[in-house]
Amino acid sequence: MKRRKLKFLNGQLPRHFPHALHSEASAVHVSPLLIKAAASEVEEVYRQVQTAPCGLTETEAVRRRQEYGPNAVVMEARYRRSVLLLKAFLNPLVVLLLILAVVSFLTGDDRAAAVMIVMVLLGVALRFVQEARADAAAAKLKAMIRVTATVERDGQAREVQLADLVPGDVVHLSAGDMIPADLRLVSCKDLHIIQASLTGESFPVEKAHAAEESASQSPLELKNLCFLGTSVETGTGQGVAVCTGRRTYLGSLASTIVQQQPPTSFDRGVSQFTWLMIRFIMVMVPLVFLINGLTKHDWEEAFFFAMAVAVGLTPEMLPMIVTVCLSRGAMAMSAQQVIVKRLSSIQNLGAMDVLCTDKTGTLTMDRIILERHCDVVFRESDEVLALAYLNSHFQTGLKNVMDRAILDYQHLHEQLNVPQCEKVDEIPFDFSRRVMSVVVRLPDGTHRLICKGAPEEVHRRSGGFELDGARYSMEQVVIDDLREEYLGLSADGFRVLALACKDVPLKTAYTKEDECDLTLKGYVAFLDPPKDSARPALRALHEHGVAVKVLTGDNEVVSRKICQEVGIDIEQVLLGNQVEKMSDAELAEAADQMVLFARMSPVHKQRTIKALQSKGHVVGFLGDGINDAPALRAADVGISVDTAVDIAKESADAILLEKSLMVLDAGVREGRKVFVNILKYIRMGASSNFGNMFSVLGASIFLPFVPMAPIQILTNNLLYDFSQLPIPTDAVDLEQVARPRPWSMGQIAKFILLIGPCSSVFDYTTYLMMLYVFGCWDTAQAPLFQTGWFVESLLTQTLIIHVIRTNRIPFLQSRASWPLVLTTVLVMLIGVWLPFSYLGPALGFTHLPPLYWPLLAATLVGYVLLTQAVKAWLLRRAWL
């Protein structure tokens, strides 16, 4: 099959579409034009959609593109700038700040309102700019991969992007293709369509092009219709696009599909943290207001102070930090040859602890060489090679690497007089039979059925075997001997296919029931050597905490041999027929222990993925074939390659530009870096805010004035947020990406509860210093107290970023990125400068005495040492 380029089509079938379909069945409808076309003859269909067998002209296609719009079900890839700006505002944290600003303005605190508005504008502007950049970057990445369809334009077959398909286009279909629109078939041969995403029916449906009476049938049961979102398993065909985009059957569910995209664990984690902080605010703010009002007897000041505390507790930079981290991560991963389709799936890639992969092209070189063509006793046989060539040449299904290796024997084309041969019929391959057959009329008029497939399946269908021109009966003892012979080849790493044939009487159509009483002719053996990079890649994944399990449709002997050659220790093999007999609980136990799964059907792979997930694993699946689509959808993160069939690429969350486990390992590490940097902000913000709660509550109880003026709290928060902006650029220690990084609110809670109070300890020492060293008990000295705590609070919060960002000893064993160092130094200098600046009086600051500075230095050193000690204790307890 031709290699396809692919593109992220906005209207492509979503990963969890079946849930949307079954929950909103009443919302779907089929266009009356499509129903009318199903009941019409082919010539009438062409007239109805105003096209011809040679397709549309390019000029007409452009006109229809303008008339009907893009062939997209859901336009979700790019946002208008106005929408991005609205999204930046529609955030619970931004809305909270705006409410607080309005309240402050209405109650006369214009300065506080102004500072809050500045914070909102800065936060929204930064998020808008970063969202726009991320959107542009995502579009740039997605342009690297495109799904195209083969259509007739100006009488010639050409590839066009799916978005450019229009009603009236004549579409060519072959195995592995996605159906690009709602089509009325005009011709087909052995065309089988997988409609599971629409109907839930797991078996492929055979299609035909004859007109059908549609009145008594469901549209999905009409054999001459194909629907957007389904895919071709086997066979070929041509269809006329009747409906595109939102006019398709799938398009009628567009709004439901968008709503049904489920959040990842990362999405849920960020949301949980956001609402956790909002709950803190809802508890803390009324409490601070009441305590200050009752103890200071100034309810107006208590109100403004409580409002400022609410702003100080708000992690308003979280949406922007997350967006920047994800977009930078996506760009970094693209440099590692990994294109991410859904940004939030980056965290799932980093959290993945089990990778299930196929064998061919991942562990092996995917360059199949036909090494042997032999009879049943493994003597070289040109007749067997000739049968294999005819079978591969005339089959219309998806030609795999073994077919291509056979067809490399070009000299046989003339030698066998192939132009004088004629294909009569085909019995396509399917994953339950694991054989395929063609019926060929030979030049002498004989009709010969040639069957090729898995040896054990061909043996079952054979009534005898041929040796030295004589036919012998297939008795059980012979079958056992034959099996032992080909297993010997398999044990040496060869992939073996058996060839059998029989002459058949002429009839109009042949079925799988005709694959009986065959004569076994021999075998073709292929070699697909292991990749040189497979062993180090597997070692790297293991070192990074990712267990690799091999799920293959190949036989266990070849698979075991390849696994051993790349360093995978195999004790037992779980076969597909064993999986079939297991309950879900039994499979979960077995899958957790097994490494190699052989003879696996698509359903077996899907069940195995779900079984591993039930054991608490975050499972990735790497696949590129038609049979991999169910497993790709079931996995936490589906991974495919740009040379995969359309249905596999559509089902995946990430696309590898090179089918290599080493590339995937690099992508996993990038995914973990993204999550670590997001986690840094969450830990910093949460622990700092939690510590400030204790400090504010304590000070509110025993101080005769508020510990910091509202405008000072807002300024402190603004500067602290600014210091954290470069976190997405920060370096990440190797050990932080050495293991999977699942989201754990439990770990975050422990960090908050133990690191947060560290800041309170030194806030209270600062209180004592300002009260007893500098005599700030008097209300007249409130500005001095507030200035002293402002500077200490800002400098400790900013400096401690460098302790929290790493599990190592900060500054010595791990250094932050230069942008983060720069903003840290800048904010700390601003904090020192403000009390002496012309802005100081406006903000309620006063000059600090000389003795304050050495005491502050001691406070900073003590804070860093205490936080580092608590962090080291958390690490020893494995709570980080």
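State whether the residues of the range 689-703 include one that is of a type in the set (A, V, I, L, M), at pLDDT below 85 and open to solvent by 30 Å² or more (accessible area, probe 1.4 Å).
Filtering the range 689-703 down to residues of a type in the set (A, V, I, L, M) leaves 693, 696-697, 699, 701, 703.
From what's left, at pLDDT below 85: 693, 696-697, 699, 701, 703.
Now restrict to residues that are open to solvent by 30 Å² or more (accessible area, probe 1.4 Å): 697, 701.
Within the range 689-703, one or more residues are of a type in the set (A, V, I, L, M), at pLDDT below 85 and open to solvent by 30 Å² or more (accessible area, probe 1.4 Å).
Here Gly329 meets each of (1) under 39 Å from the mean Cα position of the chain (by Cα); (2) open to solvent by 10 Å² or more (accessible area, probe 1.4 Å) with one exception, condition (2). Taking every residue in the range 465-487 that is in contact (Cβ under 8 Å) with a residue 24 or more places away in the chain and of a type outside the set (A, V, I, L, M) and pairing it with any residue that is open to solvent by 90 Å² or more (accessible area, probe 1.4 Å) and outside any helix (DSSP H, G or I), at least 6 positions away or on another chain, the pairs with Cβ-Cβ distances below 7 Å are Phe465/Tyr472.
In the range 706-736, which residues are of a type in the set (S, T, N, Q) and open to solvent by 30 Å² or more (accessible area, probe 1.4 Å)? Write out each step before concluding.
Taking the range 706-736 first, the residues of a type in the set (S, T, N, Q) are 712, 715-717, 723-724, 729, 736.
If the condition is that a residue be of a type in the set (S, T, N, Q) and open to solvent by 30 Å² or more (accessible area, probe 1.4 Å), then Thr729 is the only one that fits.
The set of residues in the range 511-524 that are part of a strand (DSSP E or B) and not β-branched (Val, Ile, Thr) comprises Leu518, Leu520, Lys521, Gly522, Tyr523. For Thr59, the conditions (1) surrounded by 13 or more Cβ atoms within 10 Å (Cβ to Cβ); (2) closer than 30 Å to Tyr249 by Cβ; (3) β-branched (Val, Ile, Thr); (4) modelled with pLDDT of 80 or more are fulfilled apart from (1).
So that you can scan it fast, the table gives a plain yes or no per residue for (1) among the hydroxyl-bearing types (Ser, Thr, Tyr); (2) out of contact with any Ser or Thr (no Cβ under 9 Å at 6 or more places or on another chain); (3) modelled with pLDDT of 90 or more:
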residue	(1), (2), (3)
Thr552	yes, no, no
Glu571	no, yes, no
Glu580	no, no, no
Val595	no, yes, yes
Ser601	yes, no, no
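Residues in the range 42-56 that are surrounded by 13 or more Cβ atoms within 10 Å (Cβ to Cβ), assigned to a loop (DSSP other than H, G, I, E, B) and of a type outside the set (S, T, N, Q): Val49, Ala52, Pro53, Gly55.
Scanning the range 282-303 for residues that are open to solvent by less than 20 Å² (accessible area, probe 1.4 Å) and not aliphatic (A, V, I, L, M), which turns out farthest from the chain's Cα centre (by Cα)? Taking the candidates together, the pick is Gly293. Consider Lys7 carefully, then state whether it is within 23 Å of the chain's Cα centre (by Cα) and at pLDDT below 50. Judged against the criteria, Lys7 is a match. Restricting attention to the range 774-801, the residues being free of Cβ contacts under 8 Å to residues at least 24 places away in the same chain and either open to solvent by less than 20 Å² (accessible area, probe 1.4 Å) or assigned to a helix (DSSP H, G or I) (or both) number 3. Screening Ile626 on (1) open to solvent by 10 Å² or more (accessible area, probe 1.4 Å); (2) more than 30 Å from Gly746 (Cα to Cα); (3) modelled with pLDDT of 85 or more; (4) not small (Gly, Ala, Ser) shows it passes everything except condition (3).
Of the residues making up the range 458-510, those that are assigned to a helix (DSSP H, G or I), over 15 Å from Val376 (Cα atoms) and open to solvent by less than 40 Å² (accessible area, probe 1.4 Å) number 0. Just one of the numbered conditions (1) touching a residue at least 40 places away in the same chain (Cβ under 8 Å); (2) under 13 Å from the mean Cα position of the chain (by Cα); (3) closer than 29 Å to Glu586 by Cα; (4) surrounded by 24 or more Cβ atoms within 10 Å (Cβ to Cβ) is not true of Asp636: (4). Close contacts from the range 147-160, counting a first residue that is under 12 Å from Thr51 (Cβ atoms) and a second that is open to solvent by less than 40 Å² (accessible area, probe 1.4 Å) and of a type in the set (Val, Ile, Thr), with Cβ to Cβ under 7 Å and a gap of 6+ residues or different chains, come to Val151/Val160; Val151/Val170; Val151/Val171; Glu152/Val170. Being touching a His at 6+ places or on another chain (Cβ under 7 Å) and of a type outside the set (A, V, I, L, M) holds for only one residue in Pro841, Pro819, Pro810, and it is Pro810. Figure legend. Inter-residue proximity from the range 807-834: first residues farther than 30 Å from Gln786 by Cβ and in contact (Cβ under 8 Å) with a residue 24 or more places away in the chain, second residues part of a helix (DSSP H, G or I) and open to solvent by 20 Å² or more (accessible area, probe 1.4 Å), beta-carbon distance below 6 Å, spacing 6+ or different chains. Indicated pairs: Asn807/Leu875; Ser817/Thr729; Pro819/Thr729. Evaluate the following for Arg877: is it basic (Lys, Arg) and either surrounded by fewer than 16 Cβ atoms within 10 Å (Cβ to Cβ) or more than 36 Å from the chain's Cα centre (by Cα) (or both)? In short, yes.
Residue-by-condition table, conditions (1) touching a residue at least 12 places away in the same chain (Cβ under 8 Å); (2) under 30 Å from Ser344 (Cα atoms); (3) open to solvent by less than 20 Å² (accessible area, probe 1.4 Å); (4) in contact with a His (Cβ under 7 Å, 6 or more places away or on another chain):
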position	(1), (2), (3), (4)
Ile562	yes, no, yes, no
Gln572	yes, no, no, no
Glu586	no, no, no, no
Lys605	yes, yes, yes, no
Val619	yes, yes, yes, no
Ser640	yes, yes, yes, no
Ile655	yes, yes, yes, no
Glu658	yes, yes, no, no
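If only residues of the range 196-232 that are open to solvent by 50 Å² or more (accessible area, probe 1.4 Å) and outside any loop (DSSP other than H, G, I, E, B) are counted, the one that is modelled with the lowest pLDDT is Thr199. Taking (1) open to solvent by 10 Å² or more (accessible area, probe 1.4 Å); (2) under 30 Å from His542 (Cα atoms); (3) of a type in the set (Ser, Thr, Tyr) in turn, Ser759 satisfies each apart from (2).
Could we say that Leu771 is touching a residue at least 24 places away in the same chain (Cβ under 8 Å) and more than 30 Å from Ala547 (Cβ to Cβ) here? Quick ask: steps written out before the conclusion?
Numbers: touching a residue at least 24 places away in the same chain (Cβ under 8 Å): no; more than 30 Å from Ala547 (Cβ to Cβ): yes.
Considered against the rule, which asks whether it is touching a residue at least 24 places away in the same chain (Cβ under 8 Å) and more than 30 Å from Ala547 (Cβ to Cβ), Leu771 comes out as no.
So for the range 737-746 (the condition being surrounded by fewer than 18 Cβ atoms within 10 Å (Cβ to Cβ), assigned to a helix (DSSP H, G or I) and either acidic (Asp, Glu) or within 44 Å of the chain's Cα centre (by Cα) (or both)), does at least one residue qualify? Yes, the range 737-746 contains a residue that is surrounded by fewer than 18 Cβ atoms within 10 Å (Cβ to Cβ), assigned to a helix (DSSP H, G or I) and either acidic (Asp, Glu) or within 44 Å of the chain's Cα centre (by Cα) (or both). Applying the set (1) closer than 30 Å to Gly469 by Cβ; (2) of a type in the set (Gly, Ala, Ser); (3) buried (at least 23 other Cβ atoms within 10 Å of the Cβ) to Ala525 leaves exactly one unmet item: (3).
Residue-level analysis places Arg279 outside the set of residues that are part of a helix (DSSP H, G or I), surrounded by fewer than 23 Cβ atoms within 10 Å (Cβ to Cβ), touching a Gly at 6+ places or on another chain (Cβ under 9 Å) and at pLDDT 75 or above.
Regarding Pro315, is this residue part of a loop (DSSP other than H, G, I, E, B) and touching a Leu at 6+ places or on another chain (Cβ under 8 Å)? Here the answer is yes, as Pro315 does meet what is asked.
The values are calculated or read from the model by the stated rules, or taken from the named source; none is laboratory data. Computed from a predicted model, the values in this text were never measured in an experiment. Cβ coordinates were reconstructed from backbone atoms using ideal geometry, including for glycine residues, and neighbour counts include every protein chain displayed. With ligands, DNA and RNA removed, areas are computed over all heavy atoms of the protein, side chains included. Shrake-Rupley method; radii C 1.70, N 1.55, O 1.52, S 1.80 Å.
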